[in-house]
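This report refers to the structure that appears directly beneath it.
The values are calculated or read from the model by the stated rules, or taken from the named source; none is laboratory data. These numbers were taken from a predicted model, which means no experiment stands behind them. Please note: Cβ atoms are built from the backbone with ideal geometry, for glycine as well, and neighbour counts cover all protein chains shown.
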């Protein structure tokens with residue numbers, strides 16, 4: 001069981017989407033399974049965020065731009081959104097292992113977002129050069 005919060009789970013879900021096309025085989029399977037485990041948390045956060053946007057009189061544009069014209073309601077949105085991110089949750093999974101050499105396009109930012117959900121393993125060196 002992974003104990004985390006919805007903000008971290010959502011960030012990991014986004015990072016997994018970012019690396020899913022660069023992994024293959026067993027690593028791809030691990031990404032798929034972890035993404036499915038995080039999906040419920042990501043959907044919860046998305047639904048609650050949209051409810052909060054509407055409650056604060058905001059709109060989301062086609063490109064995802066959030067607009068809340070009233071400064072007081074915008075401040076309320078920011079505070080409530082932060083609370084949503086920090087809301088604790090449990091993911092019914094154990095961290096998966098992905099070999100870093102088989103995921104060469106992963107960025108440092110993605111590695112940070114996946115901390116606690118994915119363990120990046122290095123290639124074992126058997127004396128080969």
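Which pairs turn up if I take residues in the range 100-116 that are more than 13 Å from residue 16 (Cα to Cα) and look for partners that are modelled with pLDDT under 90 and loosely packed, with under 10 Cβ neighbours inside 10 Å with beta carbon separation below 7 Å, at least 6 apart in sequence or on another chain?
That search, which allows pairs on different chains as well, returns 100/122.
Determine if the range 70-93 includes at least one residue that is on the phi > 0 side of the Ramachandran plot and free of Cβ contacts under 8 Å to residues at least 24 places away in the same chain.
no
Can you pull out the helices (runs of 4 or more DSSP H) entirely within the range 12-129 that have at least 1 residues that are surrounded by fewer than 16 Cβ atoms within 10 Å (Cβ to Cβ) and over 16 Å from the mean Cα position of the chain (by Cα)? Explain how you work it out, then say what you get.
Details: elements: 25-55, 71-86, 108-114.
The qualifying helices (runs of 4 or more DSSP H) are 25-55, 71-86.
Provide a single number: the residues in the range 26-48 that are without any contact (Cβ under 8 Å) to a residue 60 or more places away in the chain and within 30 Å of residue 80 (Cα to Cα).
13
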